[in-house]
Each structure stands twice: as C-alpha cells, then as structure tokens.
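Down below is the structure, laid out as structure tokens.
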Amino acid sequence: MEFNLRKILLALLGSTSEPLAVRDVQTVITRYHARAADEDGEDGEEGADEPQGLMRELLDQVPSLLTAAQIREAMSALSAELQESDGPWRILEGPAGYRLVVAPTYAHWVRLLRDEPRPQRLSTAALETLSVIAYRQPVTRSEIEAIRGVSADSAVNKLLEKDLIAVTGRAELPGRPLQYGTTPQFLEFCGIRSLEELPASDVLTPNQITEWIRQATAPVATPTAADVGLPV
C-alpha cells in the first residue's frame, strides 16, 4: 500500500457535498497519525499481525504535517489530471474550499436525473448591475443608476433573490440609502476565492468613477433669466 495524496484528496472530495477546506485535509492527516498511534499501542500488548504491519509501513510514508502549499499544489495537479482526462468530474475552488463537480458537458444528464430545469441565465441588465456592485461595493441604487443610466430596481431585486448580493448597511447620505455588496454565493458563482481575484478594470480609475457619480447625482441648478438670455 502506498500513500498517494492525490487519490486521497479525490476520495475526500467524493465523500462530501460540503466544500473541502485545506484545514479539513490537515485534520484528516492529524487524526490518521493519532489513531494509528493508539492502534499501535494496543497491538503491542496483544501481538502485531500482518495487516497492522502494513499499517506501520504506510504510517512511515504519511507526513505528520501537510502545509497549505502542499495541499493546494496537489489539488491543482489533480484538477489538471481530471481536465486532461476529459472525464465527467472537475474540481472547483471557492471561498470555503474545494468541491468535486460535474463537468459542464455532462450537467444536462444530471439535470434529467433530478428532473430539474435548465438554470436561468442572468440578463444583461443584471450582469451589468452585478459588475457595478462587485467593483464599487458598498454602493447605493442611485450610484448604480448613475453609472448605468437606467433604473436598477428590477436588476437589484433579481440579484437579491438569487443571493448574489445583500444589503451591507446604509450610506452616510441624506435619507440614509441602502448599500449593497456581493455575497459568498457570488464568489461561488464566479468560481473565485476572493474579490481580489476579479479581473482588474483598466477603463476608469476608482477616483474617476467617484467623480462621475458625484456629478451625475448632484442637484441641477435652475437656470436664471440671464442664463437663457432674457432681460432681468
């Protein structure tokens, strides 16, 4: 018997529907050594048999500590293997850990088994609104509408229903409008671990967008008679 970290990780991923975090894998290794030591102590009193001898041989191969870097490297290698084999499984990393998921090519067959409809795609308006919130959070509806130039009510409500955004507080502005931000579900939706992994926006700087929003939401002064060329 040989210690194979990639196969062990695949077994752990396939045994749970919850995300598998790095610390979960480290806990498994710690428990393995603790239980192996207990069993070894019991066998010393009664006499070791052949299976326990194999256990001892494997115990010498299993490292007492796996670093996060080692686990992530093994996960990356395992993910590449599954991708290259063109099989039905893929590994998806999210903010809470790793998941074993069905490859998109075979997702339709799983939906047929569960008698589920095809997932609805986000509309263009919802995607635009979600992008504004992701890059500008916390952000108010008026700020979203200043950037998009149209009402954001429908898109914001749809994103709230899908748990991709949530209310994060109130802005220090007149009327204390609600502010919105993304949720952990948004990270899962995008397949990223944190907001830092979002692609960099090189169109406008944050300061330029802030100034744009300030000008767009500033009250418009009523023109005077002199402004329109009428006698005062």
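In this entry, residue 164 passes the filter for residues that are in contact (Cβ under 8 Å) with a residue 12 or more places away in the chain, touching a helix residue (DSSP H, G or I) at 6+ places or on another chain (Cβ under 6 Å) and not assigned by TED's automatic domain parsing to the domain that holds residue 20. Flag: residue 141 matches the condition of being at pLDDT 90 or above and over 23 Å from the mean Cα position of the chain (by Cα). Filtered by the rule that a residue be touching a Phe, Trp or Tyr at 6+ places or on another chain (Cβ under 8 Å) and part of a loop (DSSP other than H, G, I, E, B), region 100-127 gives a lone residue, 103. When residue 216 is tested against the conditions (1) modelled with pLDDT under 80; (2) in contact with a helix residue (DSSP H, G or I) (Cβ under 6 Å, 6 or more places away or on another chain); (3) surrounded by 15 or more Cβ atoms within 10 Å (Cβ to Cβ), the lone failure is (3). When residue 129 is tested against (1) out of contact with any strand residue (DSSP E or B) (no Cβ under 8 Å at 6 or more places or on another chain); (2) of a type in the set (Val, Ile, Thr); (3) within 19 Å of residue 200 (Cβ to Cβ), only condition (3) is not met. Of everything listed in (1) more than 30 Å from residue 10 (Cβ to Cβ); (2) surrounded by 11 or more Cβ atoms within 10 Å (Cβ to Cβ), the single unmet condition for residue 186 is (1). Picking from residues in region 45-78 that are at pLDDT 55 or above and loosely packed, with under 10 Cβ neighbours inside 10 Å, the one that is farthest from residue 34 (Cα to Cα) is 69.
The values are calculated or read from the model by the stated rules, or taken from the named source; none is laboratory data. Fair warning: this is a prediction, and the values are worked out from it, not measured in the lab. Cβ sites come from the backbone with ideal geometry, for glycine too, and all protein chains shown count toward neighbours.
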